[in-house]
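Please read the structure below before turning to the comments.
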Amino acid sequence: MNYNSSEPLFHDLYFSYSMFAIFDNAVGLPRVNFTKIHIAQGFGRNESGAWFHTPEEYGMAYLRVAVGPFEPTGEYDRAVSVPFRCVSGQVTLAGPDEGEGDDWTIELAPGDYLLTVAQRITQPEDEDHEAEEEIDLFFEPLAQPASRSEILIADEKMEPPAVLQEDGGIAGK
């Protein structure tokens, strides 16, 4: 599914294994080593892609995407900002179990961004339903690349190190 970034996107994203990915289509799915440190800090990234850890193990997340600076839409359980470079003008959002065609591609002007991923758990109205997540993504255009990632809000499941692991490495190496 394609999306033009001039309007906000609202979509359900299936996540599993407590993660989802955001990546530039020219680079492809980020092959990062998701180590204990990356899980503790909530993300593993490279220049044009990242895996983000979710508070819940699996489920559907209501997803909102905006181009612009981080503007909270309420209280969040966790929020992480990472440098992100868009090369191709197309960025994909996907869970690890998404089938071909189930992921989402958005159009985004090539350039450097500060990508903020803000997540909240929504509690069900009754005991028959499981908690769900809401994920807000903010792509803030930058004149120069951001130099580092930042944990804006950490939940009780996160234990970020004093110095964040910026390089996700390459899976399998």
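When L13 is tested against (1) surrounded by fewer than 15 Cβ atoms within 10 Å (Cβ to Cβ); (2) of a type in the set (A, V, I, L, M); (3) modelled with pLDDT under 85, just one condition goes unmet, and that condition is (1).
Taken over the stretch 48-58, the residue count meeting the criterion of being acidic (D, E) and surrounded by fewer than 17 Cβ atoms within 10 Å (Cβ to Cβ) is 1. Residues that are modelled with pLDDT of 85 or more, farther than 13 Å from T54 by Cα and charged (D, E, K, R) within the stretch 119-140 comprise just one, E140.
Restricting attention to the stretch 66-79 and to residues that are in contact with a Ser or Thr (Cβ under 7 Å, 6 or more places away or on another chain) and part of a strand (DSSP E or B), the residue that is modelled with the highest pLDDT turns out to be A79. Within the option set A143, A109, being surrounded by fewer than 17 Cβ atoms within 10 Å (Cβ to Cβ), modelled with pLDDT of 85 or more and under 22 Å from E166 (Cβ atoms) holds for one residue only, A143. Restricting attention to the stretch 43-61, the residues being over 20 Å from A154 (Cα atoms) and either part of a strand (DSSP E or B) or touching a helix residue (DSSP H, G or I) at 6+ places or on another chain (Cβ under 6 Å) (or both) number 4.
Taking (1) modelled with pLDDT under 80; (2) more than 17 Å from L108 (Cβ to Cβ) in turn, P8 satisfies each apart from (2).
The values are calculated or read from the model by the stated rules, or taken from the named source; none is laboratory data. Here the structure is a predicted model, which means the values were calculated and not measured. Glycine gets a Cβ as well: all are built from the backbone with ideal geometry, and neighbour counts include every protein chain shown.
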